[in-house]
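Everything on this sheet refers to the single structure shown next.
FYI, it's all coordinate maths here, none of it is from the lab. Everything numeric here is computed off the predicted structure, so don't read it as measured data. Reconstructed Cβ throughout: ideal geometry from the backbone, glycine too, with neighbour counts over all protein chains shown.
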């Protein structure tokens, strides 16, 4: 009891101090601190703040920018200035970001409060403390562009060379923020190296090219910045400027570069003006820069390196070697565009993301202009490069294949079967190795199967293609893929009206529930009674989500062996989970017909099972002999009538006549069943 009393007392004091700090009541803080025993326990304790923040009282006061409170807390000798906190700060884009393992000094620098920074440093705060990402208070000053704070910290022994993770130096941070004043201070006053680079090889000059400041680029060049290639994308600052169509940047950097570098920059500029993903296509400018580059090559005897082999997607063309060859291309837009892509592959390399993006953009443009097969060829070539060089494949790029195939189907054109097979293979590989996006890729696979099911239903493919499609879908079904979230099989997804791609072209073809997809999956060996994470069968999913009575799908599932008596984890049968009363009644009628069919089967088979070892009751029992035909015929007739009632129920539910719709009511259906069964 004594221990509990002490804990309650400590919590009471903690809550009181926390309330005072939050309210910013300076007088109350002064009066209470002087009366508390073992004050350091409360001052250095970590308190839980909103949004999973973990803060001391001093940190809360700092975030509230309460200098008077901080001054009062600093007067107590037991205060630890190096306690690590987890705090959230508002970024420039107004988003909140969590920072872990930060001290109060780092937070004061991050919120750009020089007065609090000085108070903390004067009371012994460690200037070079690093956060979880290796950030320092000096870096915060650089990011905020506060030269006075940076100068003060430097005068108090801040290590200006401590870089954030990935070797992101303070100079690179100031260049990234396009802060010329801070960049000037770091280079001119502190002597920072303008050619330092991140772990992936990006220099301050490379970062500056990504900005909009020509003045910043000229400053770095004037202080000896060099044009070296980054490991990040194998591009130099000069090539990056050309890729961005920044002629002014190219003109500024070129004088510091070799003739070959200048030539390649002109070639890349020409290709950038031809490629529409960079903006409006300008083939005149493209020709101009290609011309200037070839002229320089001729003057300095620097011929292009020819490809060892040609590619069919580029019409087996090679790059122009002479001005005369270039002149022949001038009046042919397609050939100019091909020239631009060949230049990009040589200069950027086949693994460069910008080059791969150009190929995909080209394919998309061709598809938009109804040249689907040509567009698909470009996408296949881009995909082959990614597979050849083991580059990551974007899940959205795979989904776009389903989109373009859907567009092709809408225009009544047959999809290229080689392309479909390739995408299926790639998705197999992604499902095996990319667990993070498993469900997204599985849905993409479903859309591709649905597209095939639409083609098969329209009989617009050859027998051989039909066999290829079936073989691949059989392999898919045999792998028993289910979603990671709900354990849904492809059959579950195909019967769920919530399944959607949120893509105009895909959703125009792939509408669920889909009988064609379900039929194709079942024909290829899917289990009609497969269960998901809560033991729902595909029939459960269909009847629980469907608002329209589709007896065709129910009939097909039942004919394929779906059990109406299967229960899920909640003990519910498909009849129990059916939300639509018409569906519920249809299932009941169907179940009644099945029960009568079982009775008929038992009566038919029992004699044959009994008679081999016993006297045949048909020949020995006269009453049984006379009644058996009547029982068999009556059960067969009842079964037929039950199915007929189910069909009438379906008709009545869709009728516009109010009197006909009365037949759908439950009591009417019960009366009909009693009449048929003689009850």
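Numbers below:
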{"read-out": "Cα shape, the stretch 292-390, gyration tensor, a/c 1.5 rule", "value": "oblate"}
{"read-out": "Kirkwood hydrodynamic radius of the stretch 167-323, Cα pairs, Å", "value": "16.9 Å"}
{"read-out": "Residue 307 paired with residue 184, simple spin-label distance in nm, labels 7 Å along Cα-to-beta-carbon", "value": "4.9 nm"}
{"read-out": "Sequence ranges 84-97, 532-545, ranked by mean other-Cβ count within 10 angstrom, highest first", "value": "532-545, 84-97"}
{"read-out": "Equivalent ellipsoid semi-axes, the stretch 1-156, via Cα gyration tensor eigenvalues times 5, rooted, Å", "value": "29, 17, 14"}
{"read-out": "Computed E for residue 468/residue 200 - FRET, C-beta separation, R0 45 angstrom, nearest 0.05", "value": "0.55"}
{"read-out": "Protection proxy ranking of 221-232, 488-499 - average other beta-carbon atoms within 10 Å, highest first", "value": "488-499, 221-232"}
{"read-out": "Overall Cα dimensions of the stretch 371-501, principal axis frame, Å, largest first", "value": "37, 37, 25"}
